[in-house]
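Asker: Just passing along the structure, written as structure tokens.
Laboratory data are not the source of any read-out in this text; all were calculated from the coordinates shown. These numbers come from a predicted model, not from an experiment. Heads up, the Cβs are rebuilt from the backbone with ideal geometry, glycines too, and the neighbour counts pull from every protein chain shown.
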Amino acid sequence: MIRHVGVVIPARDEEALIARCLTAVADAARTVDVTVSVIVVADGCLDRTVEIARSFPAVRVLEIESSNVGAARQAGARAAVALGAQWLANTDADSVVPPNWLREQLALAEAGADIVVGTVRPDFTELTTEQIDAWHATHIPGEPNGHVHGANLGVRTSTYLAAGGYQALPEHEDVELVERLSTLGTVVASDAGEVITSARLFGRTPGGYARYLREQMLAARQALR
């Protein structure tokens, strides 16, 4: 039985969104009867991200200078493991987890999942009507697409360690990790704890979710017609 969860949150210059993220994580932590360690990895931040994160008493903040999301996630996971976390719940500083986020991941873990690939949706307040319609057209409730998002990913610590952890990749470190994890444990895709993430069209890396919103989502809708 899992009794300790580590929440890993990489952040780079997210002063506008980090408080919202951490408030949501705290709300989710209150719904589970386990120890929850929240770790923010501030990677090369030049704004008030560190100051804001440290204003949350239960949050541990690591400062690194890698400019590399894979290295940031790796550092956060390493810190969580050192604290005794048996499950690693991953999200991003520009994202908002739902209250049932940890509860759903732990329920799936208790049912045998070693990796939980959760869904995300963009913040609709930042999108046009056409973009929102395109998102709805390509996402069916109750049918998770299995796409890997670092903003909503859970993994059993023992499986994570067996796979060798995150690699120091500038992007798609989450996808690469799950590819290795899938040979070692049971992967479950779920939309039960869907995470809302920033709808920014230009992210911290050239690819990722921002590129999907900018270049691929409308095209995917057209392909369905």
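Asker: Select from the range 177-195 the residues that are touching a residue at least 40 places away in the same chain (Cβ under 8 Å) and either in a helix (DSSP H, G or I) or over 18 Å from the mean Cα position of the chain (by Cα) (or both) and list them in ascending order.
Answerer: Of everything in the range 177-195, those that are touching a residue at least 40 places away in the same chain (Cβ under 8 Å) and either in a helix (DSSP H, G or I) or over 18 Å from the mean Cα position of the chain (by Cα) (or both) turn out to be Val178, Leu181, Leu184, Gly185, Thr186.
Here is a yes/no grid of residues against (1) assigned to a helix (DSSP H, G or I); (2) hydrophobic (A, V, I, L, M, F, W, C); (3) in contact with a strand residue (DSSP E or B) (Cβ under 9 Å, 6 or more places away or on another chain); (4) crowded, with 19+ Cβ neighbours inside 10 Å:
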{"residue": "Ile2", "(1), (2), (3), (4)": "no, yes, yes, no"}
{"residue": "Val5", "(1), (2), (3), (4)": "no, yes, yes, yes"}
{"residue": "Val8", "(1), (2), (3), (4)": "no, yes, yes, yes"}
{"residue": "Cys21", "(1), (2), (3), (4)": "yes, yes, yes, yes"}
{"residue": "Ala24", "(1), (2), (3), (4)": "yes, yes, yes, yes"}
{"residue": "Asp27", "(1), (2), (3), (4)": "yes, no, no, no"}
{"residue": "Asp33", "(1), (2), (3), (4)": "no, no, no, no"}
{"residue": "Val36", "(1), (2), (3), (4)": "no, yes, yes, yes"}
{"residue": "Val40", "(1), (2), (3), (4)": "no, yes, yes, yes"}
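Asker: Give me the residue from the range 126-146 that is in contact (Cβ under 8 Å) with a residue 40 or more places away in the chain and in a helix (DSSP H, G or I) and, out of that set, nearest to Thr197 (Cα to Cα).
Answerer: Taking the candidates together, the pick is Glu126.
Asker: What residue, of Leu88, Leu108, Leu46, is assigned to a strand (DSSP E or B) and either in contact with a strand residue (DSSP E or B) (Cβ under 8 Å, 6 or more places away or on another chain) or over 16 Å from Gly193 (Cα atoms) (or both)?
Answerer: Going through Leu88, Leu108, Leu46 in turn, the sole match is Leu88.
Asker: To continue, here is another question. Could you list, in sequence order, all residues of the range 65-108 that are among the charged types (D, E, K, R) and over 12 Å from the mean Cα position of the chain (by Cα)?
Answerer: Correct list: Glu65, Arg78, Arg103, Glu104.
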